[in-house]
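Okay, structure first, notes after.
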Amino acid sequence: MNTQRLHIAIQKNGRLAERSLELIEAAGYRLNRGASDLAYSVDNAPIDIWRVRDDDIPTFVANGVADLGIVGRNVLAERSAGADGEGLREVMQLGFGRCRLCIAAPVGFEYAGPASLNGARIATTYANLLSRFLKQEGVAAEIVPMRGAVEVAPRLKLADLICDLVSTGATLEANGLKPVATILESEAVLVRSARGLGPELERLADSLISRFRGVVASQGAKYVMMNAPRSALPRIAAILPGAGAPTVMSLAGRDDEVAVHAVCQESVFWETLEALKATGASSILVLSIEKMM
Ligand code: PRT
Ligand code: ZN
């Protein structure tokens, strides 16, 4: 019997494309990029990568053409807020492609909560999510569905406001708009179908997911080492950002001084080091982490 292959759908071109490939490679899968434009194969595991439009990724996974997908939560949520939203499950957040789905208004618009939207026309490519939000807030507004370039709608008098993705806010600003409400926080997520894959593919998927978790957890995580007075341990534990219980080791010939090692899940700033130093810690080292499991 042939080995079954696991299929992962990712965006072919666009904001998530390169980061998706980097994540797969960082998880130890060697990509053979040359083979075809639509599909890349993995050399050292039975895995194939489908490269498609991001909007098609949920359909690929829901239909079983792909077993897993990497897509913006916004795309997934728009689908599940609509009529054909069944059958998909978000497995994990991937830490890139962060953005917010916002309602934005012309700079002069006075916004005092969702009720200010009553009677307004709002242009969007996210009609399902917007409609759900308006319903939840009990607002009667008209949705103007668009396919793209939503930010020009107010200037063209096509709509009064827009509902669109925002990351830096530069596009809104360039179009004389300001965000007034956030209706979804988004980033790239790993998605799978709700039905089982069979034992062989399930094992492969589990291993991939645990490697992805390791890559995502190690991004930004730091290994911090220092020597410190034993009496400063409680203060040090309180200062280290996002660390579990640190490892404490005795130093040869010293009763009052210990070595402290900890994995910090959050950024370690100069201010953190200064605060550690103020407790009496010395020889403080901050190291990057390559892999974590
Ligand atoms: O061709 P394909 O259909 O695959 O790609 P696409 O053009 O539909 O998607 P793409 O590549 O633009 O975005 C893919 C995913 O990236 C989105 O589904 C989001 O999950 C995520 N993402 C993160 C964003 C943004 N940030 C973002 N800023 N997607 C779009 N934008 C757009 C936004 O719509 C607006 O036009 O960028 C503009 C605003 O950006 P700022 O920085 O000016 O605020
Ligand atoms: Zn798209």
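Can you name every one of the strands (runs of 3 or more DSSP E) wholly within the range 244-293 that holds 2 or more residues which are polar (S, T, N, Q)? Let's see the steps before the verdict.
Working: elements: 247-251, 254-264, 282-288.
In the range 244-293, 247-251, 282-288 are the strands (runs of 3 or more DSSP E) which contain 2 or more residues that are polar (S, T, N, Q).
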| Right, residue 184: open to solvent by less than 40 Å² (accessible area, probe 1.4 Å), part of a helix (DSSP H, G or I) and either within 16 Å of ligand 1 (Cβ to nearest atom) or at pLDDT below 95 (or both) or not? | no
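Regarding residue 42, is this residue more than 19 Å from residue 142 (Cβ to Cβ) and either within 15 Å of ligand 1 (Cβ to nearest atom) or free of Cβ contacts under 8 Å to residues at least 24 places away in the same chain (or both)? Outline the logic, then answer.
On the way: more than 19 Å from residue 142 (Cβ to Cβ): yes; either within 15 Å of ligand 1 (Cβ to nearest atom) or free of Cβ contacts under 8 Å to residues at least 24 places away in the same chain (or both): yes.
Taking the combined requirement at face value, the residue satisfies it.
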| Can you pull out the residues in the range 200-216 that are open to solvent by 40 Å² or more (accessible area, probe 1.4 Å) and in contact (Cβ under 8 Å) with a residue 12 or more places away in the chain? | 200, 210, 211, 213
| field | Positions within the range 1-38 being touching a strand residue (DSSP E or B) at 6+ places or on another chain (Cβ under 6 Å), closer than 19 Å to residue 204 by Cβ, within 16 Å of ligand 1 (Cβ to nearest atom) and not hydroxyl-bearing (Ser, Thr, Tyr), in sequence order | value | 8, 9, 10
| query | For residue 208, all conditions in the list (1) outside the structural domain of residue 63 (by TED's automatic domain parsing); (2) modelled with pLDDT of 95 or more hold save one; what is the number of the exception? | reply | (1)
| remark: Over the range 154-211, the set of residues within 16 Å of ligand 2 (Cβ to nearest atom), polar (S, T, N, Q) and under 16 Å from residue 77 (Cβ atoms) is 186
| query | Going by the structure shown, is residue 100 within 16 Å of ligand 2 (Cβ to nearest atom), out of contact with any Cys (no Cβ under 9 Å at 6 or more places or on another chain) and either open to solvent by 50 Å² or more (accessible area, probe 1.4 Å) or at pLDDT below 95 (or both)? | reply | no
| said: If I filter the range 107-130 for residues that are in a strand (DSSP E or B), under 30 Å from residue 211 (Cβ atoms) and among the charged types (D, E, K, R), do I get at least one hit? | reply: no
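If you take just the strands (runs of 3 or more DSSP E) that sit entirely in the range 1-72, which of them hold at least 2 residues that are surrounded by 17 or more Cβ atoms within 10 Å (Cβ to Cβ) and either more than 16 Å from ligand 2 (Cβ to nearest atom) or at pLDDT below 95 (or both)? Show your work before the answer.
Numbers: elements: 6-11, 39-42, 47-52, 68-72.
Because the criterion is at least 2 residues that are surrounded by 17 or more Cβ atoms within 10 Å (Cβ to Cβ) and either more than 16 Å from ligand 2 (Cβ to nearest atom) or at pLDDT below 95 (or both), the strands (runs of 3 or more DSSP E) in the range 1-72 that meet it are 6-11, 39-42, 47-52.
Take the range 86-132 and flag every residue that is of a type in the set (Phe, Trp, Tyr) and within 30 Å of residue 265 (Cα to Cα). Write out each step before concluding.
Here is the first cut: in the range 86-132, the residues of a type in the set (Phe, Trp, Tyr) are 96, 109, 111, 126.
Of everything in the range 86-132, just one residue is of a type in the set (Phe, Trp, Tyr) and within 30 Å of residue 265 (Cα to Cα), namely 96.
The values are calculated or read from the model by the stated rules, or taken from the named source; none is laboratory data. Computed from a prediction, not measured in an experiment: that's the story for all the values here. Every residue, glycine among them, receives a Cβ derived from its backbone with ideal geometry; neighbour counts consider all protein chains shown. To get the accessible areas, we keep the full protein, side chains included, count just its heavy atoms, and leave off ligands, DNA and RNA. Shrake-Rupley method; radii C 1.70, N 1.55, O 1.52, S 1.80 Å.
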